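Take a look at the structure below.
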Amino acid sequence: MNKRARKLPRSFYDRPTGLVARDLLGKYIVYNSPKGRLTGRIVEVEAYIGHDDPACHAARGETERNRVMFGLPGFSYIYFIYGMYFCLNFVTEKKGFGAAVLLRAAEPCEGLEIMYENSPGIKKDGQLLNGPGKFCRAFGLTRQHNGLDLTGSVLYLENRFEKTPRIGRSRRIGIRVGQDKLWRYFDVDSKVITKR
């Protein structure tokens, strides 16, 4: 474990979503699962920002499904998609706004044996966390983990004070609306980011 690591405070998430998204690159996600500790270095994210963003779950207002997005920043928002995948987001900005950052990809660090156990058919480390659905599957995250406080001890993010990665920016992936917004951010030197 990195002795210099510092858990990200709520104030990190309580900022404009685009800034949070960029600053998440190179940070580490930690999950103290029932099976053991899993960690990954975040290399690809997408921002989804409020009612003016048609691709954002908050665009049509608060619902039972997206209620966490309208709560305090620094909580997990996990939803189910295509009848088979869970996707992890980090709630951002002030309470009542409705915004979050989707975790698209990470480089696996600790707990690879558990990740492989959770990911039947995956043979290479670089294929464990290279997609939002694959990430949640490998980490064992489901709707059960929706609404977790990211400043707590179960699921949280760390700054390990490493060199800031070179950041690329592009349109978001896999959406039908809001395609003009350049709100996908990625570590250009990572080998596990989504191939467009």
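A residue that is of a type in the set (A, V, I, L, M), assigned to a helix (DSSP H, G or I) and within 17 Å of Glu107 (Cα to Cα) occurs nowhere in the stretch 154-174.
Out of Glu110, Glu64, which single residue is touching a residue at least 40 places away in the same chain (Cβ under 8 Å) and of a type in the set (Asp, Glu)? Walk me through it before giving the result.
On the way: Glu64 fails: touching a residue at least 40 places away in the same chain (Cβ under 8 Å).
The match here is Glu110.
With respect to the conditions (1) surrounded by fewer than 16 Cβ atoms within 10 Å (Cβ to Cβ); (2) in a loop (DSSP other than H, G, I, E, B), Phe97 falls short on a single one, namely (1). Among the residues examined, Arg41 qualifies as of a type in the set (D, E, K, R), out of contact with any helix residue (DSSP H, G or I) (no Cβ under 9 Å at 6 or more places or on another chain), modelled with pLDDT of 95 or more and assigned to a strand (DSSP E or B). When Glu46 is tested against the conditions (1) in a loop (DSSP other than H, G, I, E, B); (2) of a type in the set (D, E, K, R); (3) under 17 Å from the mean Cα position of the chain (by Cα), the lone failure is (1). Selection of the stretch 100-145 for residues being touching a helix residue (DSSP H, G or I) at 6+ places or on another chain (Cβ under 6 Å) and in a loop (DSSP other than H, G, I, E, B) yields Ser119, Leu128, Leu129, Gly140. Of the residues making up the stretch 1-41, those that are closer than 14 Å to Ala100 by Cβ and in contact (Cβ under 8 Å) with a residue 40 or more places away in the chain are Phe12, Tyr13, Asp14, Arg15, Pro16, Thr17, Gly18, Val20, Ala21, Leu24.
The values are calculated or read from the model by the stated rules, or taken from the named source; none is laboratory data. Note that this is a predicted model, so its numbers are computed, not measured. Using ideal geometry, Cβ is built from the backbone for each residue, glycine included, and neighbour counts are taken over all protein chains shown.
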